[in-house]
Every structure is written in C-alpha cells, then in structure tokens.
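The values are calculated or read from the model by the stated rules, or taken from the named source; none is laboratory data. These numbers come from a predicted model, not from an experiment. Cβ placement follows ideal geometry from the backbone for every residue including glycine, while neighbour counts extend to all protein chains displayed.
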Amino acid sequence: MDAKQPKPGDIAAAELGQVNDDLSPLLKTLKRNLRPILFGVGVVVLVMGAYAGWDIWSANRHASASTELGKILVTTDGAERVKALEGLLSSAPDALRTPILLEIARAAQEQGDNVRAAKAWADVAALGEPALVPLAALGQAEALQGQGKSAEALTVVEAAAANAPEAYKGVLAFRTGVLAEELGDWAKARDAYERMKSLSDSDHEFYDYKIAKFQARLDTKTDTRTDAKSPATPAAPAAPKTESGAKG
C-alpha cells in the first residue's frame, strides 16, 4: 500500500472538518444572535397570547353582561329596573351600552322619571350612531318638555333636524311646530308646518289652517308694534269756562 494514500479514517476526519468549517459561520451567527432571536420569538408569543387572552376576556365579559341584562329585563320592572340597569351600565362593554341606555330611557319615561329619561336619551345621542341621534332627540325633547323645559327641548330637536335622515324630517318638523307653538314662537311654528306640508302628500288643509293661524298671529303682533310706535292721540281741548253769574 502506498504510504501517501490517505486512510479511510483520515478521509472521514477531513470531511467532518470541512462540514464543521462550513457550518461554523452559521453556528457562530446563531450563537451570537440566539438571545435576541429567542427574545423576539418570546415577544411575539407574548403578544399573541395577550391578544388571545383579551379576546377571551372580552367575550366572557360580553357574555356575562348580556346574561345580566337579560336577567334584569325578566326579573325587574319600574324604578328597580332603572336602578339595576344603571348599575350594569357602569361596567358593561361598549357593545352593550346602546341597548342598556335605550332600556333605561324607556323604563324611566314609563315611570315618569323625566330627569333620568332625558339623561339616558342624551347619552344615546352622544354615542353618535346616525340612525339613533334623531330618535334620541325626540325622546330627550319629550322628557325635557315633561320637566317644563320646552325651550331646551326645541333646541335639541332643531339641532337633530339639521342633519337628520329623510325618514325623520317630518316627525322632527312636527315636534318643532308643537314646541314652537307652545312657546309662542309663531315664526318657527309657521315654518315648521310649512316643512311638514312640503314633506306630506296629504293633510294639506290642516297644515294650511295652522300656517294661516300662525301668520295671523305674526301679523297681529306686527300691527300691535306699529300701534305702539305711533304718536299718542292728543287730548281734546278743554271746553271754555263760562263765567258764573253771567248776565243773560
């Protein structure tokens, strides 16, 4: 056998050394970056776990609040229901705030508790859901009117009417007309009934009657103001005095 011929063991050792040399940069890189890599993986796992935990917690919270809401609606009524719903509202998830507030408003109004009803309707409007803002305004206006606050009620209704969907314009105009008439604001009342007439295909005779009535009030008011500004009628001159005892 030639002394220069490599032995099988030497070939294996050389090949193994070559493999180790090839892997060495990769192993060194992994070793050098192992802690950051593991940290990064850990952060991802923690974040994913946090999201999963949040979803589970939110779902459980929602389910628990939904169950409690159903229990309140089944087992309570009147003032007791309003109080229980207000307690639930303080800890309820956002998804349940709207139905809880609507139920508080309805229950409070049924009890004649216009203060609580007005607040609940205002809170519904504050949620900013376009389909509910006009409804909330009508409910709040009714509750305010029940407190003798018709001027505030009119302001609420007019604000809602400015951006109301077409379906609500008629009823908001009607409410504006009723409140304006109650307050003696004949111009707003007239304008409201004119809007109602333009939005309606019927009852025009009734609207014309109301419009003419308010216009007449405005005309009378104008005439009264004109009369008040006109100069006073001078007093009639005094009759000449006759001398007593005058001879005939």
Out of region 89-105, which residues are buried (at least 17 other Cβ atoms within 10 Å of the Cβ) and assigned to a helix (DSSP H, G or I)? L89, L96, I100, L101, L102, E103, I104, A105
Just checking, which of E68, E86 is part of a helix (DSSP H, G or I), touching a helix residue (DSSP H, G or I) at 6+ places or on another chain (Cβ under 6 Å), charged (D, E, K, R) and modelled with pLDDT under 90? E68
Answer with yes or no whether E129 is among the acidic types (D, E) and closer than 25 Å to A63 by Cα. yes
Search result, residues across region 115-134 that are in a helix (DSSP H, G or I) and touching a residue at least 12 places away in the same chain (Cβ under 8 Å): V115, R116, A117, A118, A120, W121, A122, D123, V124, A125, V133, P134
Being touching a helix residue (DSSP H, G or I) at 6+ places or on another chain (Cβ under 8 Å), among the charged types (D, E, K, R), closer than 20 Å to A137 by Cβ and in contact (Cβ under 8 Å) with a residue 12 or more places away in the chain is the requirement here; does R81 meet it? no
Could you list, in sequence order, the residues of region 144-171 that are among the β-branched types (V, I, T) and under 16 Å from N114 (Cα atoms)? V156
